[in-house]
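These notes concern the structure reproduced below.
The values are calculated or read from the model by the stated rules, or taken from the named source; none is laboratory data. Bear in mind the structure is a predicted one, so any value in this text is a computation, not a measurement. We place every Cβ from the backbone using ideal geometry, glycine too, and count neighbours over all the protein chains shown.
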Amino acid sequence: MNFLKENIVGEVVAKDYRTASVFKSYGIDFCCKGNRSIEEVCEKNKLNADVVIEELNQTTRQTEKSGEDFQSWDMDLLADYIEKKHHRYVEKKIPELQAFLYKIAKVHGDRHPELLEIEQLFRASAQELSMHMKKEELILFPFVRKLAAGNHVQKPAFGSVHNPINMMMQEHDNEGERFRKIAALSENYTPPEDACTTYRVAFEMLREFEDDLHQHIHLENNILFPKAMDAEKKLTFA
């Protein structure tokens, strides 16, 4: 496809995930703030929209599409994938990262006080993400799977799927903002010259964690949630 200035960033990435690398290279948020047009984000970030669009077009002219076509997946498969890949990743990495960040904040915090704030921000993120994922696994995703089945769905206690989705999206925004602060404090995860090995590993793990979180949020905000809301519109509750 040929991209236009009025195309919505999140929809572009939902159609072809290869475009995510272009937006990321320009510091354009395609997950939490993916509801803006290419023109709007370029104006805000003082970028040349024509140059960005040309890069997007070049990226998608590749003969083979890399990665999965998540847009074509059914809702229940998407929910399963998010739980098994992204939720499990977060659950595994949180204790590892917390231990590293606590250690380097304790050892290097006098010379690099920003580490204290980074450690506090990540601790808050870990707590919020853990609760967020449980709400998805226990409340939202079971209903999404019922929508995917499409038969004899009882009206849920939360009324409409829009209600938990709106809550999840607000929590996504909160985490996006928290990681923007972490990235800024760490100079985009660049360790200083006097950083020890643990310091460097912690920053690389933080970078990886943020990358995973971006894809995690993108899959929900731009693909799974719109599918669920569309499916509910077509449904007659039992």
query: Do we have Glu171 as free of Cβ contacts under 8 Å to residues at least 60 places away in the same chain, in the same structural domain as Gln98 (by TED's automatic domain parsing) and surrounded by 15 or more Cβ atoms within 10 Å (Cβ to Cβ) here?
result: yes
Where a residue in region 113-124 is without any contact (Cβ under 8 Å) to a residue 40 or more places away in the chain and not assigned by TED's automatic domain parsing to the domain that holds Pro192 and its partner, wherever it lies, is of a type outside the set (A, V, I, L, M) and in a loop (DSSP other than H, G, I, E, B), with Cβ under 8 Å and at least six apart: none
query: Do we have Ala105 as aliphatic (A, V, I, L, M) and either within 21 Å of Phe209 (Cβ to Cβ) or assigned by TED's automatic domain parsing to the domain that holds Asp29 (or both) here?
result: yes
message: Test of understanding: among Glu210, Glu220, Glu193, Glu187, which residue is out of contact with any Cys (no Cβ under 6 Å at 6 or more places or on another chain), of a type in the set (Asp, Glu), surrounded by 13 or more Cβ atoms within 10 Å (Cβ to Cβ) and free of Cβ contacts under 8 Å to residues at least 60 places away in the same chain?
response: Glu210
field: Filtered residue count, region 74-114, keeping only those that are of a type in the set (Gly, Ala, Ser) and in contact with a Phe, Trp or Tyr (Cβ under 9 Å, 6 or more places away or on another chain)
entry: 1
query: When the residues of region 127-162 are filtered to those that are among the polar types (S, T, N, Q) and either modelled with pLDDT of 95 or more or outside the structural domain of Glu91 (by TED's automatic domain parsing) (or both), which remaining residue is nearest to Met229 (Cα to Cα)?
result: Ser130
query: Given region 1-111, what helices (runs of 4 or more DSSP H) lie entirely inside it while holding 3 or more residues that are on the phi < 0 side of the Ramachandran plot and exposed (fewer than 13 other Cβ atoms within 10 Å of the Cβ)?
result: 49-60, 88-108
task: Evaluate the following for Asn166: is it touching a residue at least 24 places away in the same chain (Cβ under 8 Å), surrounded by fewer than 18 Cβ atoms within 10 Å (Cβ to Cβ) and within 25 Å of Glu83 (Cβ to Cβ)?
output: no
